[in-house]
Amino acid sequence: MLKKSKISHIKIHSDEWHASRLAKFTSSEIHYLMGSGFLRYVRLKVGEEITGKSAKGEIDVEATRWGGFYEAEAIQKFGRKMGFDFLVVQQLITETGSRFGSTPDFLKVTRISPDETEYEVETGEVKCPPTFDNYLLLFECETPQDLKSAKKEYYWQVLDQMDNCEAIKGHFVCYHPDFRAGNMGHIVFDKMQMIESSKGKTFPIYDDLKLLKAQKQKAVQEFEKLRDKLMTAGLV
């Protein structure tokens, strides 16, 4: 379950949000830990820790502005469609001392602990690509495995949100306001979902979550090793 103390009041894209993500491995970039970009991503995060400056430049491209504008609309429409009441919308999930942070577009609470200090939640990630081809690429995905093949960075983003929030289920939603039909796609991630194949019964999402956890642990170890090396080198 997700500790209530991990739910911040820090809103997405605010100055505080950018500052709080500094030197943290975040869900939107966690896919780098799952491939050849592992060490480069670790180095960037160490650089942020030592310098106090973001490794990313300002991003204000048209696609980002479009997505930011329509995400709120998509979240509202999806919530009404599913009959969901959202406790948290686009707020940073992290805790003091953690090297990780996540900002799911929404959290659906399914259960509250008796002392109200923990929540059982389902996470949600919304994408609103402006171009027809990019939207349809996502809309055609029907399963998490489809999404992994089409846009693996989104697949790992959802899994990392689930990991940070200790969720059994996650949701991926794509939305395009201009489509007169089929303007929303939805994929459910269930880490306990079993798939039968020629190789037998498997739990692919659960297995990938275990792999992700191992890579995150390895990233922290590499981070600390490089940071300590820098710190002991001192100044010239």
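Every read-out reported here was derived from the displayed coordinates using simple, explicitly stated rules and does not represent laboratory data. It should be emphasised that the depicted structure is a prediction, and the values quoted were computed from it without experimental measurement. As a convention, Cβ positions derive from the backbone with ideal geometry for all residues, glycine included, and neighbour counts pool all protein chains shown.
A55 versus V236, label points 7 Å from Cα toward the beta carbon: distance in nm?
2.2
Give or take rounding to whole Å, what are the principal axis extents of the alpha carbon atoms in the range 48-132, in descending order?
Computed over the Cα atoms, the extents are 44, 40, 14 Å.
So if I restrict to the alpha-carbon atoms in the chain, what is the Rg, and what is Dmax, the biggest pairwise distance, in Å?
Reported Rg and Dmax, both Å: 18.4, 63.
If I require 15 Å or longer along the helix axis, counting alpha carbons, and a Kyte-Doolittle average no lower than -1.0, what helices from the chain are left? Use full DSSP H segments.
Answer set is 38-51, 62-82, 204-233.
To make sure I understand, if each residue's beta carbon is the centre and we count other beta carbons within 10 Å, what order do Y119, Y32 fall in, fewest to most?
The fewest-first ordering by Cβ neighbours comes to Y32, Y119.
Report, in listed order, any pair from K6/K191; K6/K201; K77/K210; K77/K201 with a Cα-Cα distance greater than 26 Å.
Long pairs (Cα-Cα over 26 Å): K6/K201; K77/K210; K77/K201.
Got the relative contact order for the chain handy, in percent, Cα pairs under 8 Å and 6 or more residues apart?
Numbers: 371 pairs, mean separation 50.4, N = 236.
Normalised by residue count, the contact order of the chain is 21 percent.
Where does the range 184-236 land on Rg/Rh, using Cα atoms and the Kirkwood Rh? Spell out each step's value before the answer.
Details: Rg = 19.4 Å, Rh = 14.5 Å.
Ratio value, two decimals: 1.34.
Given K169/K199; K152/K213; K108/K148; K45/K225; K45/K216; K4/K45, which pairs have Cα atoms separated by over 20 Å?
Numbers: K169/K199 25 Å; K152/K213 17 Å; K108/K148 23 Å; K45/K225 13 Å; K45/K216 13 Å; K4/K45 26 Å.
As for pairs spanning more than 20 Å Cα to Cα, those are K169/K199; K108/K148; K4/K45.
What FRET efficiency comes out for E224 versus E153 if R0 is 25 angstrom and r is the Cβ-Cβ distance? Round to the nearest 0.05.
0.45
Name the residue, out of L147, L39, L138, whose mean-square fluctuation peaks in a Gaussian network model built on the chain with Cα pairs under 10 Å.
Of L147, L39, L138, the Gaussian network model singles out L39 as fluctuating most.
Just to check I understand the Karplus step: with θ = phi - 60° and J = 6.51 cos²θ - 1.76 cosθ + 1.60, what whole-Hz values come out for the range 104-116, glycine and proline as x?
x, 5, 7, 10, 9, 8, 9, 7, 10, 5, x, 8, 6
Give me the Kirkwood hydrodynamic radius of the range 135-236, using the inverse of the mean 1/r over all pairs of distinct Cα atoms, in Å to one decimal.
Value: 16.0 Å, from the Cα pair sum.
Provide I30, I12 in ascending order of the number of other Cβ atoms located within 10 Å of each residue's Cβ, fewest first.
Least to most surrounded, the residues fall as I12, I30.
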